[in-house]
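Below: the structure, in structure tokens.
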Amino acid sequence: MHFILKSHKGGRLLLLKDVNWNSINVCLTLAASLFIAGLSAQPTVNSIRFHSNKETVTLNQYNNDFLIDETGAKYAFNRKIIIRSELSVQEIAQLYSQIIRVQVISKIQGGTVFWITPKEEHFFDVFSALTAHQGIISVEPDIAPVRKLTRSNHEVQLKEVYSKNSLLSSLKPPFCDSPVNRVRVAIIDDGFDFSHAEFNELAVLLEYDADEHVLDASTTGIVDYHGTQVAGVIAAKQDGIGVEGFAPTSELIAIRQVSTWTSSLILAFHVAKLMKADVVNCSWVLPFLSDITAVVIKDLASSPHRPVIVASAGNNRQKACEVNKLSELESVVVVGSINKVGNLAEFSNYGQCVDYYAPSSVKSTSLSGYANFGGTSSSAAIVSGIIARLKACGVAQPLSQLHLFENIKPAHSVLNFRAKKA
């Protein structure tokens, strides 16, 4: 078959001979399909949604190691999933063939918190399936904001250093000469050097590393000094040499945690619960708090032994509610810093999420012997030590006695903000 087509150039004729029209139709159809697909196709984006701080959070995959939110903040993720459920380990493991491992990291009222390891390539599929399952109460990724736990004494100028005696000037301090109770204090921090002479009479009940999952909370280098300083303020022995802690007869639970992995935070607070801690000191700022972590902390605070959880407000000169998510929990006692004349310290966070203000800048134990210890980290440690001492003296409601200390200020007496959380 011959076809003659007239060209638009110079009127030349083009001769198409023996055309196979079936082949042409197939090619044209395929080309059109590819063209349309090319116009409409969008790159596939792996995305997950979960709840944090009573809000819905959407995270998109940034690369193999990070997720990113709508503000551009990055979160490391290890392709593991945290869920809260009343199902058993066996029941969860049998839900989907893509689940490799199921571990319990906390037991709370109304369920268990599980740490799930799916096949890496099926992380997003398993996350979506668990979210839709009726037997799962809540689901969230195991993530870490791309920065470490912010220790609350970082880069604070120590212009004033208190001694213990001047710090405890009070009207009638309800301290006893000899403790009547054994009080357990859990410190969640970056590492501890218990070889220091100030701790040679200290009863350390447990050392645990919530990141590495080992029974050792020792320091791993010169950067791990913070926990040793906190421990000195709370529990250094009282012998008139060096420094003296507020509650040296305390039984210490040393929990090392450097990261902000959600699973590590949950595990750290669960260990404090298992060990029946009476006081839990958190001298750090937490930039992100998941809903499951918040439930675990609230569950700890409501334990039969009613532990007091103390956290530092932070040193950003900002509202604590905005930069330290721990401060938003009603079950956490949040401590800011005041200076020697009782005014707000220039570095301290403030606002309605702060409950008390205390002095900072004290001398404490360090890896090299002794060092000045400042910021709201030291303020929180001071309050933890005083609470532990009051509990050791048989005071059932230690928070109600803090006003007896001249240098411990309820929030409303320092700034015009409510002490209770909004």
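The values are calculated or read from the model by the stated rules, or taken from the named source; none is laboratory data. Worth saying up front: this structure is predicted, and the values here are computed from it rather than measured. Ideal geometry is used to build each Cβ from the backbone, glycine not excepted, and the neighbour counts take in all protein chains shown.
In the set (1) at pLDDT 95 or above; (2) surrounded by fewer than 19 Cβ atoms within 10 Å (Cβ to Cβ); (3) β-branched (V, I, T), V180 fails one condition alone, (1). Just one of the listed residues (A235, A217) is under 22 Å from the mean Cα position of the chain (by Cα), modelled with pLDDT of 95 or more, buried (at least 24 other Cβ atoms within 10 Å of the Cβ) and at negative phi, namely A217.
Against the criterion of being of a type in the set (V, I, T), over 21 Å from V383 (Cβ atoms) and touching an Asp or Glu at 6+ places or on another chain (Cβ under 8 Å), V223 qualifies.
Annotation: A210 fulfils all but one of (1) at pLDDT 95 or above; (2) surrounded by fewer than 24 Cβ atoms within 10 Å (Cβ to Cβ); the unmet one is (2).
Within segment 317-340, the residues that satisfy the criterion of being surrounded by fewer than 18 Cβ atoms within 10 Å (Cβ to Cβ), closer than 21 Å to N53 by Cβ and of a type outside the set (S, T, Y) are Q318, E322, E330.
Considering only residues in segment 98-131 that are touching a residue at least 24 places away in the same chain (Cβ under 8 Å) and of a type in the set (A, V, I, L, M), the one that is surrounded by the fewest Cβ atoms within 10 Å (Cβ to Cβ) turns out to be A129.
Return yes or no: is A231 assigned to a helix (DSSP H, G or I) and over 26 Å from S178 (Cβ atoms)? Taking the combined requirement at face value, the residue does not satisfy it. Just checking, does segment 56-63 include any residue being in a strand (DSSP E or B), at pLDDT below 95 and not assigned by TED's automatic domain parsing to the domain that holds T293? Yes, segment 56-63 contains a residue that is in a strand (DSSP E or B), at pLDDT below 95 and not assigned by TED's automatic domain parsing to the domain that holds T293.
Scanning segment 85-97 for residues that are buried (at least 19 other Cβ atoms within 10 Å of the Cβ) and either in a helix (DSSP H, G or I) or in the same structural domain as I297 (by TED's automatic domain parsing) (or both) yields a single hit, I92. Criterion first (assigned by TED's automatic domain parsing to the domain that holds V183 and either in contact (Cβ under 8 Å) with a residue 24 or more places away in the chain or of a type in the set (K, R) (or both)) does V341 satisfy it? In short, no. Against the criterion of being surrounded by 19 or more Cβ atoms within 10 Å (Cβ to Cβ) and not in a loop (DSSP other than H, G, I, E, B), V383 qualifies. Take the residues in segment 341-365 that are of a type in the set (V, I, T) and either surrounded by fewer than 22 Cβ atoms within 10 Å (Cβ to Cβ) or over 14 Å from P410 (Cβ atoms) (or both), then tell me which one is modelled with the lowest pLDDT. Ranking the candidates gives V341 first.
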